[in-house]
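In what follows, a single structure is set out as structure tokens and then discussed.
The values are calculated or read from the model by the stated rules, or taken from the named source; none is laboratory data. If you're wondering where the values come from, they're calculated on a predicted model, not measured in any experiment. Please note: Cβ atoms are built from the backbone with ideal geometry, for glycine as well, and neighbour counts cover all protein chains shown. Note: accessible area is taken over every heavy atom of the protein model, side chains too, but ligands, DNA and RNA are not part of it. Shrake-Rupley method; radii C 1.70, N 1.55, O 1.52, S 1.80 Å.
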Amino acid sequence: DFHPLDFLDFDAEREHLTKYLEETDRNSVRLKLDFQVATTERLGDFLASGKAQVIHFSCHGEKDCLALEDGKGCADIVTPDALKGLFDAGQKKPQFVVVAACHSEST
């Protein structure tokens, strides 16, 4: 059975984040924003680069996994151990990570 995932309003989320962070920029904190589709490969490459101090990503989630994209618009299921592996492979760990997904408090 095919069960499509609910639509996530990334445009609205990007707009809210940009507005909030622009206010932060005025208070002498300089941030570079980069919005991309969260594929497992892209997240792994980004973490491996060691460039991120803060990461915010939105995706679907279940109690035992997150669903990133596979680069073709389909879900790529990522377990907590696989996600930990992506972060452990990085040169420098981000200082702050936000995961916006259902059940993310338990994953």
| task | For the pairs Lys72/Lys92; Lys32/Lys84; Lys51/Lys72; Lys51/Lys84, note any where the Cα-Cα span goes beyond 21 Å. | result | Lys72/Lys92; Lys32/Lys84; Lys51/Lys72
| task | Using only protein heavy atoms and a 1.4 Å probe, report how much of Phe10 is accessible, in Å² to the nearest 10. | result | 90 Å²
| Spacing of the two label points (7 Å from each Cα toward its C-beta) at Ser49 and Glu15, in nm | 2.7 nm
| query | Given a 1.4 Å probe and the protein chains all in place, what does the accessible area of Glu41 round to, in Å² to the nearest 10? | reply | 130 Å²
| note | Loop-resident trypsin sites (Lys or Arg not before Pro) in segment 32-102 with no more than 16 other Cβ atoms inside 10 Å, DSSP not H/G/I/E/B, are Lys32, Lys51, Lys63, Lys72, Lys92
| task | Rank these residues by their accessible area, most exposed first, probe 1.4 Å: Phe57, Phe35. | result | Phe35, Phe57
| field | Debye equation applied to the C-alpha atoms of segment 51-107, log10 I(q)/I(0) at 0.15 Å⁻¹ | value | -0.44
